[in-house]
1. Among the strands (runs of 3 or more DSSP E) lying completely within the stretch A:19-63, list those that include at least 1 residues that are under 12 Å from the mean Cα position of the chain (by Cα).
2. Taking the stretch A:32-90 as the search range and keeping residues that are under 25 Å from B:Gln160 (Cα atoms) and acidic (Asp, Glu), which one is nearest to the other protein chains (Cβ to nearest Cβ)?
3. Going residue by residue through the stretch B:203-212, is there one that turns out to be crowded, with 18+ Cβ neighbours inside 10 Å and modelled with pLDDT of 90 or more?
4. Failed condition for A:Val24, given (1) surrounded by fewer than 24 Cβ atoms within 10 Å (Cβ to Cβ); (2) at the interface with another protein chain (Cβ under 9 Å from one of its Cβ atoms), with all others met?
5. Among the residues of the stretch B:77-92, which ones are under 18 Å from B:Lys231 (Cβ atoms) and of a type in the set (A, V, I, L, M)?
6. Kindly provide the set of residues from the stretch B:80-95 that are surrounded by fewer than 16 Cβ atoms within 10 Å (Cβ to Cβ) and outside any loop (DSSP other than H, G, I, E, B), ordered by number.
Amino acid sequence: MFSKDNKKVELKDAETIIGPSIRVKGNFHGEGDIVIEGKVEGSIKTNNFLLVGEKAKIVAEVEAGNAQIGGDITGNLQIKGYLEITSSAKIIGDIECSEISIEKGAIINGKCTMIKNQTNSHKSKLEEEEEK
Amino acid sequence: MHIYIYDSFVNQKKYDATAARIETRITDLGLNGKIVRLGMMNSVDEVIENEMKKGAKTIIVVGNNTIFNKAVNAIARTTQEITLTRRIPLGFIPVGKSDNDIAGFFGMGFEEDACNTISARRIQRLDLGLANDYYFLTEATIPTNGTDIEVDQNYSIQIQEAGNIKVINFATTTKLPKNFSSSAVDQVLDLYIEKKGSGLFSRKPNEASQSIIPFKFITILNKTKPVIIDKSIQINTPVNIQIAKQKIDLIIGKGINF
């Protein structure tokens, strides 16, 4: 298996990478950090970090610990911790998270519900790692 | 006892001098043992099974990638069949440069240098992948064209551009993204998909076109192309791939870390 040298989440550091030429159909459940640059239909689930790139197209129910969304998602998002939506994102579906930031230009059509923080937030996770 | 198994091509006259040099070096190092030359009447599987049952201490194959993979399979299979508890390491003496790159990835050296590696006896216990009934140590590969993959019976993968699919236990020539490394000691296989380089002179994939997916069980389907394991054995699809319960004790060269 591939191992990672540091924890800061970037494309090159994820445990699972779905590249731009890949189409995934079904229940895509990963255990570590996931980067999606391709297409996914079905469901996506990870307890860790999910990065959806600008060119990604997702038609799926999405569950993650923390997430950064830059692509198209049609489906509901359930993020336990921190959700960062960047300007290129287009989300059609309901969002549930405990912390959120939305960059100017992002498109969201759906209900947004803030829930009680269930896990450490993205920021506190990084802070913890820095302390280590 | 050391058992030396010579692939049939090593019996050709043009390899006489090489074989003589190897045997002299083996004698100098005090590694003498029984020599078995493969031919029409015997196979590497039979020889290894018989010698393991008789109590061989070390199996050493002399030849190229193909006999190396066959020996890996024979040792893993026999260990399972006779529920062997003692470990029998596999050594490898590559002869000739053709179809013989696996030894380099494990730092074994060639011909006489490989004898020195066997003498040093650095033994590493390594995972094996299992593709249908065949074990592999390094990679299983197939082109992306016409290939469908089902992962962990949960989801399917379709690849929309030309490239290569590799199931990696131990990466050989694969240029992995920065900060990634492959390990053959963690009981996990990775599915690696790379798009062919798009530029006129670019044949290597860049990081943005690579996909990496750890898995427990995959099925590979392709109507026309086979899966190739350890750069030598072809297996027609459908091919089910998973990590094997069996492991191999391999004599490796210095400077190779897992």
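1. A:34-36, A:39-45, A:49-52
2. Among them, the one singled out is A:Glu37.
3. Within the stretch B:203-212, the first condition is being crowded, with 18+ Cβ neighbours inside 10 Å, and the residues that meet it are B:205, B:209-212.
Adding the requirement that they be modelled with pLDDT of 90 or more leaves B:211-212.
Scanning the stretch B:203-212 turns up at least one residue that is crowded, with 18+ Cβ neighbours inside 10 Å and modelled with pLDDT of 90 or more.
4. (1)
5. Initial filter on the stretch B:77-92 (under 18 Å from B:Lys231 (Cβ atoms)): B:90, B:92.
Answer for the stretch B:77-92, where residues must be under 18 Å from B:Lys231 (Cβ atoms) and of a type in the set (A, V, I, L, M): just B:Leu90.
6. Step one: filter the stretch B:80-95 for residues surrounded by fewer than 16 Cβ atoms within 10 Å (Cβ to Cβ), giving B:80-87.
Answer for the stretch B:80-95, where residues must be surrounded by fewer than 16 Cβ atoms within 10 Å (Cβ to Cβ) and outside any loop (DSSP other than H, G, I, E, B): B:Gln80, B:Glu81.
This table checks each residue for (1) assigned to a strand (DSSP E or B); (2) hydrophobic (A, V, I, L, M, F, W, C); (3) in contact with a His (Cβ under 8 Å, 6 or more places away or on another chain).
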{"position": "B:Asp45", "(1), (2), (3)": "no, no, no"}
{"position": "B:Glu51", "(1), (2), (3)": "no, no, no"}
{"position": "B:Ile60", "(1), (2), (3)": "yes, yes, yes"}
{"position": "B:Lys70", "(1), (2), (3)": "no, no, no"}
{"position": "B:Ala74", "(1), (2), (3)": "no, yes, no"}
{"position": "B:Arg77", "(1), (2), (3)": "no, no, no"}
{"position": "B:Lys97", "(1), (2), (3)": "no, no, no"}
{"position": "B:Ala103", "(1), (2), (3)": "no, yes, no"}
{"position": "B:Gly107", "(1), (2), (3)": "no, no, no"}
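The values are calculated or read from the model by the stated rules, or taken from the named source; none is laboratory data. Please read all numbers here as calculations on a predicted model, not as lab measurements. Please note: Cβ atoms are built from the backbone with ideal geometry, for glycine as well, and neighbour counts cover all protein chains shown.
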